[in-house]
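Enquirer: Dropping a structure here in structure tokens format, bear with me for questions.
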Amino acid sequence: MRKVEIKTTTYEYDSLQELNESEQILIKKSKEAVKNAYAPYSKFNVGAAVLLENGEIITGTNQENAAYPSGLCAERVAIFYANSKYPDVAIKSLAVTAFYNEEYIENPLPPCGACRQVIVESETRFKKPIKIYLVSKEKITVIEDAKSLLPLNFDENFLGD
Ligand code: THU
């Protein structure tokens with residue numbers, strides 16, 4: 001038996017001013033996006049913003065449904081839209097924010113497992129890491145890539161040639 005430890009490194013920032021201008025813009029876009037969420041059931045409004053290699057920022061919000069499992073998280077809405085609009089352009093970074101009970105959430109929102117899988121797929125597809133910013137009222141948590149959030153991930157390598 002061998003014990004194998006897997007570590008995840010995150011970076012925490014206490015204010016937006018500690019980040020550079022393009023990071024601040026991306027984060028602001030994710031915060032603005034929450035107002036476009038369609039979350040009548042959970043009332044948990046999530047905004048995601050992705051920065052593409054061509055400099056464009058695309059936002060997405062969670063889209064809920066009366067048939068609950070038919071809804072989709074903000075991260076996947078943004079990524080699928082970005083990859084549909086620009087199938088050849090890599091995503092450089094992603095910011096996610098949530099607004100609940102009339103305020104931005106206290107602690108950064110960690111993307112769900114399905115979203116992590118989708119972010120990893122986009123990294124694999126373009127062979128580029130996607131830097132992730134998890135934004136809350138108090139702080140911003142930064143992760144260098146989605147693979148760090150989803151170690152031991154399933155990817156194309158398991159599917160033969
Ligand atoms: N949600 C997201 O959009 N992103 C996440 O990372 C976690 C959860 C959405 C799904 C659902 O509409 C609501 O938040 C409550 O789970």
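The values are calculated or read from the model by the stated rules, or taken from the named source; none is laboratory data. Because the structure is a prediction, the values reported are computed rather than measured. Backbone-built Cβ (ideal geometry, glycine too); neighbour counts: all protein chains shown.
Enquirer: Considering only the range 55-73, state which residues are within 11 Å of the ligand (Cβ to nearest atom) and among the aliphatic types (A, V, I, L, M).
Expert: The answer is Leu72, and nothing else.
Enquirer: Filter the range 74-116 for residues that are outside any loop (DSSP other than H, G, I, E, B), touching a helix residue (DSSP H, G or I) at 6+ places or on another chain (Cβ under 8 Å) and more than 15 Å from the ligand (Cβ to nearest atom) and give the result.
Expert: Asn83, Ile91, Ser93, listed by residue number.
Enquirer: Lys43 - would you say it is modelled with pLDDT of 95 or more, within 22 Å of Asn101 (Cα to Cα) and part of a helix (DSSP H, G or I)? Walk me through how you get there before you give the answer.
Expert: Details: modelled with pLDDT of 95 or more: yes; within 22 Å of Asn101 (Cα to Cα): yes; part of a helix (DSSP H, G or I): no.
No, not satisfied.
Enquirer: Does Phe154 qualify as being in contact (Cβ under 8 Å) with a residue 60 or more places away in the chain and not in a helix (DSSP H, G or I)? Reasoning before the result, please.
Expert: Working: in contact (Cβ under 8 Å) with a residue 60 or more places away in the chain: no; not in a helix (DSSP H, G or I): yes.
So Phe154 does not fit the description; no.
Enquirer: Okay, next question. If you check Pro129 against the conditions, is it buried (at least 17 other Cβ atoms within 10 Å of the Cβ), outside any strand (DSSP E or B) and free of Cβ contacts under 8 Å to residues at least 40 places away in the same chain?
Expert: Numbers: buried (at least 17 other Cβ atoms within 10 Å of the Cβ): yes; outside any strand (DSSP E or B): yes; free of Cβ contacts under 8 Å to residues at least 40 places away in the same chain: yes.
When the stated conditions are applied, Pro129 passes them.
Enquirer: So for the range 1-9 (the condition being within 16 Å of the ligand (Cβ to nearest atom), of a type outside the set (Ser, Thr, Tyr) and either closer than 22 Å to Leu149 by Cα or not in a loop (DSSP other than H, G, I, E, B) (or both)), does at least one residue qualify? It would help to see each step written out before you state the result.
Expert: Looking only at the range 1-9, we keep the residues that are within 16 Å of the ligand (Cβ to nearest atom), and these are none.
So far as the range 1-9 goes, no, none of its residues is within 16 Å of the ligand (Cβ to nearest atom), of a type outside the set (Ser, Thr, Tyr) and either closer than 22 Å to Leu149 by Cα or not in a loop (DSSP other than H, G, I, E, B) (or both).
Residue-by-condition table, conditions (1) surrounded by 16 or more Cβ atoms within 10 Å (Cβ to Cβ); (2) over 18 Å from Thr8 (Cβ atoms); (3) acidic (Asp, Glu):
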position: Glu102; (1), (2), (3): no, yes, yes
position: Leu109; (1), (2), (3): yes, no, no
position: Glu144; (1), (2), (3): no, no, yes
position: Glu156; (1), (2), (3): no, yes, yes
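Enquirer: How many residues does the range 1-50 hold that are loosely packed, with under 13 Cβ neighbours inside 10 Å, of a type outside the set (Asp, Glu) and either closer than 18 Å to Cys115 by Cα or touching a Lys or Arg at 6+ places or on another chain (Cβ under 8 Å) (or both)?
Expert: Result for the range 1-50: 1.
Enquirer: Within the set of pairs 6 or more residues apart or between chains, which connect a residue that is more than 15 Å from Tyr86 (Cα to Cα) and of a type in the set (A, V, I, L, M) inside the range 36-65 to a residue that is within 9 Å of the ligand (Cβ to nearest atom) and part of a loop (DSSP other than H, G, I, E, B) with Cβ atoms less than 7 Å apart?
Expert: Matching pairs, first to second residue: Ala37/Asn62; Ala39/Asn62; Ala39/Glu64; Val46/Ala37; Val46/Asn62; Val46/Cys73; Val46/Leu109.
Enquirer: Determine if the range 34-54 includes at least one residue that is under 20 Å from Glu144 (Cα atoms), among the hydrophobic types (A, V, I, L, M, F, W, C) and within 11 Å of the ligand (Cβ to nearest atom).
Expert: yes
Enquirer: Out of the residues in the range 132-151 meeting the condition of being in a loop (DSSP other than H, G, I, E, B) and touching a helix residue (DSSP H, G or I) at 6+ places or on another chain (Cβ under 7 Å), tell me which one is farthest from the ligand (Cβ to nearest atom). Give the steps one after another, and end with the answer.
Expert: Within the range 132-151, the first condition is being in a loop (DSSP other than H, G, I, E, B), and the residues that meet it are 136-139, 144-145, 150-151.
Checking which are touching a helix residue (DSSP H, G or I) at 6+ places or on another chain (Cβ under 7 Å) leaves us with 145, 150.
Numbers: Asp145: 17, Leu150: 13 Å.
Among those that are in a loop (DSSP other than H, G, I, E, B) and touching a helix residue (DSSP H, G or I) at 6+ places or on another chain (Cβ under 7 Å), it is Asp145.
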